[in-house]
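The values are calculated or read from the model by the stated rules, or taken from the named source; none is laboratory data. Predicted, not measured: the structure shown is a model, and the values here were computed from it. FYI the Cβ positions are ideal-geometry reconstructions off the backbone, even for glycines, and counts take in every protein chain you see.
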Amino acid sequence: MKYFRQILVYAIPYKIYGVLNIISNIFYALFGTLAFVSLMPMLKVLFKTAEPITEKPLYESISKLGDYIENSINYFITVKVNTEGEMKALLFMIIIVISTFLLKNIFGYLAMYFITFLRNGVLKDVRNDLYEKTVDLPLAYFSEKRKGDIIARISTDVLEIQHSFLSILELIVREPLMILFTIIAMLALSPQLTLFVFIFIPIAGIVISLVGKKLKRQSDKVQKEQGLFLSILEETLGGLRVIKGFNAEGYFNSKFRESTSRFYRFSNSLLNRQNLASPLSEFLGIGVIAVLLWYGGSLVLVSKTLAPDAFIVFMGLAYNILTPAKAISKAAYGVKKGDAAAERVLEILHTTSPLADKPNALVKDDFNSAISIENISFKYEDEYVLKDFSLEIPKGKTVAFVGQSGSGKSTIANLLTRFYDVNEGSIKIDGIDIRDITKKSLRSLQGLVSQDSILFNDSIKNNILLGIENKTEAEIMDAAKIANAHEFIDEMPNGYDSNIGDSGNKLSGGQKQRLSIARAVLKNPPIMILDEATSALDTESERLVQDALEKMMKNRTSVVIAHRLSTVQKADIIVVLLKGKIIEQGNHEELIAKNGVYTKLVEMQTL
């Protein structure tokens, strides 16, 4: 329970349900024991073994409590038989037995009723925290993790933890109480027979624990494999067009089957080990019952030191221990599985983000002078993408970065938005290091239009409004007009309320990009970052998008990452990059006059 204990803090807001569950379980265990004990008076009437006691017994001391209870029951039976007859007395005893079983089941239901709120509350809160943490973690984290594995942790692993909450309460409250009350009743009936139970229960416990030793490790394998095949599924759905286009269905089918075959083997091993708990504990319990039958029978038949009715009730109580003992062994396995799931969930929850805001981070809500990139160096893994890179981007200017693939253009966009932090040097806005500004306020100053138009399965209106509040219908429409998107939106069946499908797949590439631009226009930030916003478009779409971008960039500081050089010719400063270093800098005319790398790039693209 090393990891599961840390999850228990999520139960604190729902502790009232935990308390009510424990109270209900106490009464469940009490009435569960009394249900068997209440059989004794009925058996005494049937077997006529009750000694007639006509005077009400008096309580003497705690040491003679058992005799007092037995004499009280006998007195009660004698009075009932004398006044109402044997059949009516028997009927009364049957009602008492039924009542105790009814109360046992009522409290059993209440215990499950209250635990439901605790389990589902913990499930909800853990999932919410996991999702929040997943959204907060930096992009670098997800380059190392499979998305499917994270989905498995949020769905399956959290569900396993939820089931474990039932197991843990069975393990420490319900079943131990049932065993405790039953043993007290058994001791009152026959201390000698009870001694046999104490001898054999530890033996059974040792055997069961040996079976469950490898369960956590096996459970961890199952959960990891589930994450793997969910990842394959997620990749397949994302790349279905390419898979079909390259006739790669067979390869992915094979890959998925290999994963599910491993899952099949691990699951079989896990469930077979888990399923062994119940029959094993029952068999060991029956072994104890057999010994009790032999020894108890000798007490009844040979030495005659135990009444037949007491022996029958004792056997019922002994068997009553088997059910909670089985439940405890099963719950122990449940907790082990929950502990393995908790370890995987906590791995995400305990991951510290290197991009977390400083405790005294500033909230910056304006941009006044310039963005300064000062001697920065950055690497994703081992090799530096940018090395000793410096640049000043004045307010109101458009700065374009051009160069071959891998020259570090998009990295600059990632660093300005603080999706990653620089390894050396600093990036400043108005002289303040962006690491000293809260991420939320930094990104509020920036608008981002990327090469991949990231849209969501929602209406056009909600996609434009993403993360933006207090905007009117007219403002949304104006933003769409600037982005050259209003015309095609107006032609759609439900206009701005039209759903665009998963990832906007009901729209063309140019339409998706114009919606992304409309989103950035509506945000109206002082700094605009365009990361190869037209590289994936056809000529007609590029013309419309380029026109929209030019309208959007007016009177705004813009950082343009470009592959197509035709889109950056109007930029105030064009920066030519090669292997993370600036090799040329100036406007279009100045760079053409130099007849250097930029001129060659323009000539290559013209050809």
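Output the residue which, of all residues in segment 463-496 that are charged (D, E, K, R) and surrounded by 13 or more Cβ atoms within 10 Å (Cβ to Cβ), is nearest to Leu549 (Cα to Cα). Explain how you work it out, then say what you get.
If we filter segment 463-496 for residues that are charged (D, E, K, R), which is where we start, we get 469, 471, 473, 475, 478, 481, 487, 490-491.
Now drop any that are not surrounded by 13 or more Cβ atoms within 10 Å (Cβ to Cβ), which leaves 471, 475, 478, 481.
Values: Lys471: 21, Glu475: 18, Asp478: 14, Lys481: 12 Å.
Here the answer is Lys481.
Of the residues that make up segment 393-402, is at least one under 21 Å from Ser353 (Cβ atoms) and either touching a His at 6+ places or on another chain (Cβ under 6 Å) or assigned by TED's automatic domain parsing to the domain that holds Lys581 (or both)? No: segment 393-402 contains no residue that is under 21 Å from Ser353 (Cβ atoms) and either touching a His at 6+ places or on another chain (Cβ under 6 Å) or assigned by TED's automatic domain parsing to the domain that holds Lys581 (or both). At least 2 residues being more than 31 Å from the chain's Cα centre (by Cα) and among the small types (Gly, Ala, Ser) is the threshold, and among the helices (runs of 4 or more DSSP H) wholly inside segment 430-531 those reaching it are 473-482, 509-523.
Scanning segment 402-437 for residues that are crowded, with 16+ Cβ neighbours inside 10 Å, more than 18 Å from Ser372 (Cβ to Cβ) and not aromatic (Phe, Trp, Tyr) returns Val402, Gly403, Ser407, Lys409, Ser410. Taking the numbered list (1) buried (at least 18 other Cβ atoms within 10 Å of the Cβ); (2) touching a Pro at 6+ places or on another chain (Cβ under 8 Å); (3) under 30 Å from Ala413 (Cα atoms); (4) not aromatic (Phe, Trp, Tyr) in turn, Ile150 passes all entries but (2).
Contact map, segment 303-326: residues that are in a loop (DSSP other than H, G, I, E, B) paired with residues that are surrounded by fewer than 17 Cβ atoms within 10 Å (Cβ to Cβ) and not aliphatic (A, V, I, L, M), Cβ distance under 9 Å, separation 6+ or inter-chain. Pairs shown: Thr305/Gln192; Leu306/Gln192; Ala307/Phe47; Ala307/Thr49.
Right, Asn505: surrounded by 17 or more Cβ atoms within 10 Å (Cβ to Cβ) and not assigned by TED's automatic domain parsing to the domain that holds Ile393 or not? Taking the combined requirement at face value, the residue does not satisfy it. Annotation note: Cβ proximity below 8 Å between a residue of segment 481-493 that is on the phi < 0 side of the Ramachandran plot and a residue that is of a type in the set (S, T, N, Q) and in a loop (DSSP other than H, G, I, E, B) (sequence gap 6+ or interchain) occurs for Ile489/Ser498; Met492/Ser498. Of all residues in segment 86-133, those satisfying the criterion of being at pLDDT 85 or above and over 27 Å from Met178 (Cβ atoms) are Lys124, Asp125, Val126, Arg127, Asn128, Asp129, Leu130, Tyr131, Glu132, Lys133.
Pairing residues of segment 404-425 that are part of a helix (DSSP H, G or I) with residues that are small (Gly, Ala, Ser), at Cβ distances under 6 Å and at least 6 apart in sequence or on separate chains, gives Lys409/Gly403.
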